[in-house]
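Coordinate-derived values only; no laboratory data. As the structure is a computational prediction, the values presented were derived from the model and not from experiment. A quick note on method: Cβ atoms are made from the backbone with ideal geometry, for glycine too, and the neighbour counts reach across all protein chains shown.
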Amino acid sequence: MRPLVTAAEMRAMDRETIDALGLPAALLMEHAGRAVADVVAARVRPGARVAVVCGTGGNGGDGFVCARWLRERGFDARVRLAKGRPKPGGEAALHLAVYERMGGPVADGVDVDGAEVIVDALLGTGLANPVTGALAGAIETMNRASALRVAVDVPSGLDSDTGAVLGVAVAADVTVTLGCAKLGIVSHPGSERAGELIVADIGIPARLAKTQAFLLEALDAARLVPHRSMGGHKGTFGHVVVAAGSAGKVGAALLAASGALHGGAGLVTMATPAAAAPYVLGRIPEAMHAVFDPEAADADAVLAAVLDGKRALVWGPGMPTSDAAGETVRRLAVAIELPVVLDADALNHLGTDVAILKRARGPRLLTPHPGEAARLLGGEARAVQADRVAAARQIAASSGAVVVLKGARTVVAAPDGTVTINPTGNPGMGTGGSGDVLSGVLGALLAQGLGPLEAARLGVYIHGLAGDRAAAARGQIGLVAGDLVSELGPAFASLSRLPGQSGNEPRVPGDTATITPRKSS
């Protein structure tokens, strides 16, 4: 997995490289600026006009180097000083002086008229307050221009830790992030402003990254896919119980059961209240059915009988919302010894009592969307969305469970604070039932023997990849949850085709979502 760092963690890496390893800061800046120049040169015609908009700090210093190298390669690169000249004596001032000695033109202000490329070297990772005044005007000018926008390290105006837009931010087509990917430009909403993300090697050893945040990549997911031996059978691949649905909400149970079947479970039993049974029986020929009513007095004994011999439980989609059902959830969510995926109304029944799961007798995996996460935290959805990583970590720490915070760039958080950002998926998946399919997939992976963290990582990746495949074939508008189900098998197959992977499919290269490392030349 690719490490993701905060601004403070990146500063620590910089300092250790400079102080302990002895690489001068000016040399790191040289590598950074040249890496950005490499990216620009690979994307536009020779001789193109490039406006390099620079600030006064390290980000601006990277821009001065970039402009110099572009001019060396025949591009019409010109520096634009949005904040004036850097203070004398620092690395940025050194590189501006070198640029000027080599004949590079410098002008105050942000004149980008006629530029085919704009290099955003205005603000770096240290931004903490909203951008206002002339700097906000400079960003708006860059955004209005009909030019390719290439951001240096972080699009100016983004919080590099959370991805929040601090007043106004550059909408980059490409971001060349330096040394390590920054957490905020991989997370939502920062990922939308970053565009294509390229990680440039500038000489800072990756082993210096002290972080608990990672980006999930295709090979990471592929390595988690359960191996299927030639002697395997339906019992080998696990039996999942999907306790879901109620009168008027049978679709949730059907979609979760379909997700479990297409996620690889050998057997699936839908457990629904009697009132829902006529509407689910026979709808999925491969699934079995049992009657389970969480509002009934004998709910505990009935569910125990249904779970006998099974390997995992998916509980919550479309379930009854009564107080009696809530009491059953809070009681059995602790008592059940099997791995359990708690979703939808099961989470709403827990509410802020999520800490009771620390006493659970088996592994627990929670799959809230932002609204459900807000209820678990006793807050508001907008606060969850303002810092998705922090919210997921807080729920995981409070519950002792693995948490899947759904949404754009789904976050997987473990109780120890480790988080993984998932790069797959698209807005077309914002449709009723998509989360139910995911819950079923997660249950299937638990039943096949994966631990909750591994199941969560693979599950969100494969679910998003299925959505990407469905969108590529059908378009995002009009995508429905059933489209994801039909693409789960092909999505698993595409992972098995990656070089070096073993499985039941032929091994040939396949396309998957990732980001591309680039070494400076």
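Across the range 470-486, computed HN-Hα scalar couplings (Karplus, 6.51 cos²θ - 1.76 cosθ + 1.60, θ = phi - 60°) run 5, 5, 5, 7, 10, x, 6, 6, x, 5, 10, 4, x, 5, 5, 4, 5 Hz from first to last residue, x flagging Gly and Pro.
Using the Karplus relation 6.51 cos²θ - 1.76 cosθ + 1.60 with θ = phi - 60°, the per-residue 3J(HN,Hα) values for the range 381-387 come to 4, 5, 5, 4, 5, 5, 8 Hz, with x marking Gly and Pro. Counting charges near Leu313 (Lys, Arg +1; Asp, Glu -1) among other residues having Cβ under 13 Å from its Cβ returns a value of +1. Amide H to amide H, with H built 1.01 Å from N, Ala271 comes under 5 Å of Val242, Ala243, Ala244, Ala290, counting only residues 5 or more places away or on other chains. What is the helix-to-structure angle for 250-262, meaning the angle in degrees between its Cα long axis and the longest Cα principal axis of the chain, kept from 0 to 90 and rounded to the nearest 10? Roughly 70 degrees, rounded to the nearest 10. So, with +1 on the Cβ of K and R and -1 on the Cβ of D and E, and no other charges, what is the size of the charge dipole of the range 2-209 about its Cα centre, to the nearest 20 debye? My answer is approximately 300 debye. Rounded is the label for the range 234-375, because a/c, from the alpha-carbon gyration tensor with a ≥ b ≥ c as root eigenvalues, stays below 1.5.
Here the dipole of the chain is about 840 debye; that uses its Cα centre as origin and unit charges on the Cβ of Lys and Arg (positive) and Asp and Glu (negative).
Considering only alpha-carbon pairs that sit under 8 angstrom and 6 or more positions apart, the relative contact order computed for the chain is 13 percent. Among beta bridges from DSSP that stay inside the range 2-209, the antiparallel ones total about 5%. If you line up the long axis of helix 133-144 against the longest principal axis of the chain, both from Cα atoms, how many degrees apart are they, to the nearest 10? Here the helix axis deviates by roughly 70 degrees. Taking θ as phi - 60° and the Karplus parameters 6.51, -1.76 and 1.60, the scalar couplings of the range 65-79 work out to 5, 4, 4, 4, 5, 5, 5, 4, 9, x, 7, 8, 8, 9, 7 Hz in sequence order, x denoting glycine and proline. Comparing Gly103, Leu123, Val79 along the charge dipole axis of the range 1-141, the residue lying farthest to the positive side is Gly103, per the Cβ-charge model. At a Cα cut-off below 26 Å, give the lysines reachable from Lys310, other chains included and same-chain residues fewer than 8 away excluded. List returned: Lys234, Lys249, Lys358. Residues Met230, Met319, Met288, Met142, arranged from fewest to most other Cβ atoms within 10 angstrom of their Cβ, appear as Met230, Met288, Met142, Met319.
In the set (i) 84, 49, 46; (ii) 86, 57, 49; (iii) 100, 59, 35, the label that goes with Cα extents along the principal axes in Å computed for this structure is (i). Here is the size of the range 298-376 from its Cα atoms: Rg then Dmax, 11.8, 35 Å.
Counted by neighbouring Cβ atoms within 10 Å, the residues Phe64, Phe75, Phe292, Phe237 run from fewest to most as Phe237, Phe75, Phe292, Phe64. Residue exposure proxy: Tyr279, Tyr99, ordered by other Cβ atoms within 10 angstrom of their Cβ from fewest to most, comes out as Tyr279, Tyr99. Scanning residues 5 or more positions from Ile336 or on other chains, those with amide H under 5 Å from its amide H are Arg361, with H placed 1.01 Å from N in the peptide plane. With all pairs of separate Cα atoms included, the range 61-205 yields a Kirkwood hydrodynamic radius of 15.4 Å.
In degrees, nearest 10, range 0 to 90: what is the angle between the Cα axis of helix 7-19 and the longest Cα principal axis of the chain? Helix 7-19 sits at roughly 50 degrees to that axis. Short-range pairs are left out: with C-alpha atoms under 8 Å and at least six residues apart, the relative contact order of the range 337-460 is 22 percent. For the range 2-209, averaging the sequence separation of C-alpha pairs within contact (under 8 Å, six or more residues apart) and dividing by the residue count gives a relative contact order of 22 percent. Packing, as the average of other Cβ atoms within 10 Å across residues, places the peptides 184-191, 91-98 in the order 184-191, 91-98, highest first.
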